[in-house]
Amino acid sequence: MRRSHIVILTICVAIAGAAVALAQVQAQPRSRPCLHDENETREDRTRREKAVELADDINQAQRIARRLARPGQGPYLPLDELFNVPTPPDGFRVQLHTDGTSYSFSIKDTRDPCRYAVFSDQSMDIYEAVPTPPSFGPKLLTSR
């Protein structure tokens, strides 16, 4: 019986220690501020707006690809086969996945310490978000 009390006490101390360590990490200020928050510079706002426009361009190119798809071919194409899609804004990286019948993509700001991203799929709704923490959650920008 005494041994089980020691085991339980050890587990409680370990959990409390982990909770304190997590609270200290979360309380530490970021080394650099987020680029796309209320203190966003004009240059970063322009880059962000271009990333959202790029998301719309990708969706429009996929819409055209779907209309032009040949029988037996999936309606959606990989990024390098889409027409009229501009290059990403400086510091942004695009990742698009398709199985031909659906697609999804993200456009992530590699310069932003908060890891801001724009994303969409065949629904053609465009979202922007940062991962948690901090939790700002996804925000619907367009609805079709």
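The values are calculated or read from the model by the stated rules, or taken from the named source; none is laboratory data. The model shown is predicted, which means the values in this text are computed figures rather than measured ones. Cβ sites come from the backbone with ideal geometry, for glycine too, and all protein chains shown count toward neighbours. For accessibility, only protein heavy atoms count, side chains too; no ligands or nucleic acids. Shrake-Rupley method; radii C 1.70, N 1.55, O 1.52, S 1.80 Å.
Yes/no matrix, rows are residues, columns are (1) in a helix (DSSP H, G or I); (2) closer than 21 Å to Lys139 by Cα:
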site	(1), (2)
Leu35	no, yes
Arg45	yes, yes
Ala51	yes, yes
Asn59	yes, yes
Thr87	no, no
Arg93	no, yes
Thr101	no, no
Ile107	no, yes
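Quickly run through the range 43-96 and pick out the residues that are among the small types (Gly, Ala, Ser) and over 15 Å from Ile107 (Cβ atoms).
The initial filter retains those residues of the range 43-96 that are among the small types (Gly, Ala, Ser), namely 51, 55, 61, 65, 69, 72, 74, 91.
Matches in the range 43-96: Ala65, Ala69, Gly72, Gly74.
Does the range 61-78 hold any residues that are modelled with pLDDT of 90 or more and assigned to a loop (DSSP other than H, G, I, E, B), and which are they?
Applying the first criterion (modelled with pLDDT of 90 or more) to the range 61-78 yields 61-68, 75-78.
Scanning the range 61-78 gives Pro75, Tyr76, Leu77, Pro78.
So in the range 66-101, with the set limited to residues that are touching a residue at least 24 places away in the same chain (Cβ under 8 Å) and surrounded by fewer than 10 Cβ atoms within 10 Å (Cβ to Cβ), which one is nearest to Ala51 (Cα to Cα)?
Looking at residues that are touching a residue at least 24 places away in the same chain (Cβ under 8 Å) and surrounded by fewer than 10 Cβ atoms within 10 Å (Cβ to Cβ), I get Asn84.
Kindly list the number of the only condition in (1) at pLDDT below 95; (2) open to solvent by less than 50 Å² (accessible area, probe 1.4 Å) that fails for Ala51.
Failing condition for Ala51: (1).
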